[in-house]
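Student: One structure is given below, represented as structure tokens, and several questions about it will come after.
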Amino acid sequence: MKFIFDGPKNASKSLYNRALIVQSLFPQLMLIGHSTSDDVKNMKSAVHAVTHGGEVPCGAAGTVFRFIALRCARNEGVFRLTATERLMQRPQEDLVIILEQLGVRCELLPNGALIQSEGWKKSLRPLQIPRAASSQFASGLLLSAWSLPFNLEFDLVGAAVSDGYWQMTLQFVQEMGMNVQVEGDRVNVPKQQSLKKLEYQLEPDMSSAFAIAAAGALMGEAEILGYSEFSAQPDSTFVEILKSMGAQCAQDGSILTVRKPDRLKGRQVDLADRPDLFPVLAVLAAFAEGVTELSGAPHLISKESNRIEKTSELLTLMGVENHPHETGMLIHGLGSNVKPRSIIFDPDKDHRMAMAAGLARLKGFQIEISDEAAVDKSFPDFWKTLRGVS
């Protein structure tokens with residue numbers, strides 16, 4: 001069975017949303033790439049509302065809500081951000097802390113936020129930017145730090161969470177022309193930073209590509225079109241993970257081919273900088289031989305769902321022994337001894353949990369997934385791609 005991931009048609013939503021924030025400040029920026037994911041649609045709608053007026057819709061997208069809140073505050077006015085109650089139950093309090101230091105009032109509501117701003121104000125001391133809950137707050141600040149009339153200086157405070165995504169943001173703004181000075185946890189952005197590029201080519205979404213690559217490692221072969229080994233996305237390291245488990249991975253130009261090995265092997269994997277790989281990788285580990293330990297990602301509990309809990313639920317329904325812990329999970333892979341069964345699984349509105357269940361379905365499990373449309377958040381063509389080609 002062969003699967004083909006069309007990278008050019010599935011641009012990274014992480015990079016796309018970062019680029020849309022910059023484009024809102026510099027409308028002349030041309031973005032090259034395509035995405036029909038709900039997260040990108042939500043960001044486009046939110047940016048339009050910020051620049052043209054009206055209520056700012058964020059939907060269920062944490063990235064959109066956090067980035068757009070900081071972007072709104074660059075403008076003078078009152079902004080009403082709307083979001084799902086589920087999203088507002090995730091850690092959002094750091095926004096209030098950050099915006100207060102910028103002289104902006106932010107009130108979190110059960111279904112969004114109310115922001116009152118006269119534009120960012122210069123602080124007398126370096127801003128203190130929490131990062132223990134998410135790296136998105138620091139990323140959102142940096143993405144909206146263009147063309148300031150003052151130097152912006154801030155300290156990253158607390159243990160780094162998903163630091164790979166912060167590094168991706170840093171690399172992105174530098175590529176676009178921002179002069180960012182970083183010394184340890186201190187970051188300085190000199191005033192009046194301007195755009196140096198008028199075009200930006202978006203990379204394929206590596207998180208989505210991993211789900212299809214994993215399908216190839218389980219069932220035959222997968223081709224990832226538009227792949228680059230120099231991707232800025234932390235999830236692009238899935239290639240090294242697959243190789244360590246025994247999968248055959250080869251790159252020819254911009255095509256990455258992943259082939260099923262005679263057997264997959266359990267491994268220890270630190271997911272601190274790439275937590276989005278966790279659900280799919282856990283299912284892949286269920287079909288590997290030996291024990292796999294996925295660790296380093298306590299923030300999995302506050303993603304779209306509690307991914308440690310939901311992944312444990314899925315594996316248990318599949319009959320795979322697993323031992324969740326505060327930063328991940330131990331999985332006792334059964335290799336070819338996994339016995340397919342009929343199960344019902346609720347992904348809890350989490351796109352990556354639905355994808356993980358889809359992989360198990362490929363291996364013969366009769367899985368009724370209660371919300372298959374959850375994948376639209378990041379990869380609307382997932383089910384079509386998972387049908388494979390002959």
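Student: Given bins 5 angstrom wide, list per bin the percent of all Cα-Cα distances in region 206-386, short to long.
Tutor: Calculated over all Cα pairs of region 206-386, the distribution is 1, 9, 19, 23, 23, 17, 7, 1, 0 percent.
Student: Ranking request for peptides 264-273, 116-125, 366-375: highest mean number of other beta-carbon atoms within 10 Å first, then the rest in descending order.
Tutor: My ranking of the peptides, most packed first, is 264-273, 366-375, 116-125.
Student: Taking a threshold of 31 Å on the Cα-Cα distance, which of the pairs Lys2/Lys377; Lys41/Lys384; Lys9/Lys122; Lys310/Lys384 fall above it?
Tutor: Lys9/Lys122
Student: Report the residues of region 44-61 in range of a label on Glu107: point 7 Å along Cα→C-beta, backbone N strictly under 18 Å from it.
Tutor: 55-56
Student: To the nearest 10 degrees, how steeply does helix 163-175 sit against the main Cα axis of the chain, on a 0 to 90 scale?
Tutor: Helix 163-175 sits roughly 60 degrees off the main axis of the chain.
Student: Another question about this same structure. With each label point set 7 Å from Cα along the Cα-Cβ vector, what nm distance links Arg387 and Phe230?
Tutor: With each label point 7 Å from Cα toward Cβ, the separation is 3.8 nm.
Student: If you keep only loop residues by DSSP, which chymotrypsin sites (Phe, Trp or Tyr not before Pro) in region 161-247 have at most 11 other Cβ atoms within 10 Å of their Cβ?
Tutor: Phe230
Student: Let me ask another. Pull out the extension gain between Gln268 and Glu368, defined as 0.36 nm times the separation in residues minus the alpha carbon to alpha carbon distance; nm, one decimal.
Tutor: 33.0 nm
Student: Quick check: pseudo-label points 7 Å beyond the Cα along Cα→Cβ at Gln181 and Gln28, how many nm apart are they?
Tutor: 2.7 nm
Student: Now a separate question. Helix 38-52 against the longest principal axis of the chain: what's the angle in degrees, Cα atoms only, rounded to the nearest 10?
Tutor: Between the helix axis and the principal axis of the chain, the angle is about 10 degrees.
Student: About the Cα centre of the chain, what is the dipole size in debye to 20, counting +1 per Lys and Arg Cβ and -1 per Asp and Glu Cβ, all else neutral?
Tutor: The dipole magnitude comes to about 420 debye.
Student: Still on this structure, I have one more. In the chain, if every C-alpha pair distance is counted and binned at 20 Å from zero, what percent goes to each bin?
Tutor: P(r) over the chain, rounded to whole percents: 29, 56, 15, 0.
Student: Place a point 7 Å from the Cα of Ser336 along the Cα-to-Cβ direction; which residues of region 222-263 have their backbone N under 14 Å from it?
Tutor: Under cut-off, by backbone N: 261-263.
Student: On to the next question. Kirkwood hydrodynamic radius for region 121-270: how many Å is it when counted over pairs of different Cα atoms?
Tutor: 17.7 Å
Student: What dipole magnitude, in Debye to the nearest 20, does region 12-201 give about its Cα centre under +1 on Lys/Arg Cβ and -1 on Asp/Glu Cβ?
Tutor: Using only the charged Cβ atoms, the result is roughly 280 debye.
Student: Please give the net charge around Lys191, taking every other residue with its beta carbon less than 15 angstrom from that of Lys191, where Lys and Arg add +1 and Asp and Glu add -1.
Tutor: +2
Only the coordinates and a few stated rules stand behind these numbers; no lab work does. The model shown is predicted, which means the values in this text are computed figures rather than measured ones. Note: ideal-geometry Cβ built from the backbone for every residue, glycine included; neighbour counts use all protein chains shown.
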